[in-house]
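The values are calculated or read from the model by the stated rules, or taken from the named source; none is laboratory data. As the structure is a prediction and not an experimental result, all values here were calculated from the model. Here the Cβ positions follow ideal geometry from the backbone for every residue, glycine too, while neighbour counts run over all protein chains shown. Accessible surface areas use protein heavy atoms only, side chains included; no ligands, DNA or RNA. Shrake-Rupley method; radii C 1.70, N 1.55, O 1.52, S 1.80 Å.
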Amino acid sequence: MTEKPHKLMKDNGAWTLMNSPLSRLLIGIVLIAVVGTMLVHWYQDRNLEKQRQFEVMKRRLDEGQNFLEELSEVTNLRMAQLRHVEALLGSQDKESRQEALKAWGEASASRQRWNVKLGIYQNKAMRLISPGTGTKLNNYETDNVAITNPASLHGHFFVCNRAFAEVIRCLREPDCQPSEAELKEVHERLDQLDNAVDSFIDEASSVLLGSKKTE
């Protein structure tokens, strides 16, 4: 009979202790510490993820810029070589014709290097810039060797070189002189190629820097 009041007194004592100002203060401190620790970890994880994303974007941007610089150097070299060949095509002087053939050989070597690395360039354009940029670099339209209105940069190089090849074939024959129509075709195709190169590099740079969208 005497144990029940004694047990009740113990329970009331524990409840009183739990509800005391000091206990509530301690519980509050513990909860604040737990919540604070959770928030700190959450912010740390969030910042780490943002930092990781920033580093990935920066690395992609750096790689993309390096790729466009390389591509610009390669295309500008090819353009300069073709311009040099064009300047020698109309001369009837034997020495100039031989110089034109030599310059064409140098341009052909650059063309072969371009063809070898074209797949690499296209993959980099798709990975570092956009799939649409890779298509504008090469859309496999040159599978049709008779194309006349190219849409890709590689297509413009292809039809331009085809126009040059017709004139060069004539220069290799001692008594052959390129016609005005053939020389005009070379000049027009070269101007179109020049515009295509500038347009591609400018557009790819805009896409890379995020100022223009492409598929």
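With the convex hull built on the Cα atoms of the range 87-189, state its orientation-averaged projected area in nm². Spell out each step's value before the answer.
Values: hull surface 28.2 nm².
Dividing the Cα hull surface by four gives the mean projection, 7.1 nm².
What is the percent of Cα-Cα separations in the range 152-215 that go past 21 Å? Intermediate results must be reported in sequence, preceding the final value.
Details: 832 of 2016 pairs.
So the portion of pairs separated by more than 21 Å is 41 percent.
Label separation (S91 vs D62): 4.7 nm, computed from points 7 Å beyond Cα along the C-beta direction.
Taking 0.36 nm per residue of sequence separation and removing the Cα-Cα distance, the C170/T148 pair yields an extension gain of 5.8 nm.
If we sort 90-98, 181-189 on the protection proxy, mean other Cβ atoms within 10 Å, highest first, what's the order? Working shown, then result.
Numbers: 90-98: 12.6, 181-189: 15.9.
The most tightly packed comes first, giving 181-189, 90-98.
Per residue, the range 74-207 exposes 52 Å² of solvent-accessible protein surface, assessed with a 1.4 angstrom probe and all protein chains in place.
Once the C-beta distance of Y140 and W42 is scaled by a Förster radius of 45 Å, the resulting FRET efficiency is 0.35 to the nearest 0.05. Computed over protein heavy atoms with a 1.4 Å probe, the carbon and sulfur contribution to the accessible area of the range 166-215 reaches 45%.
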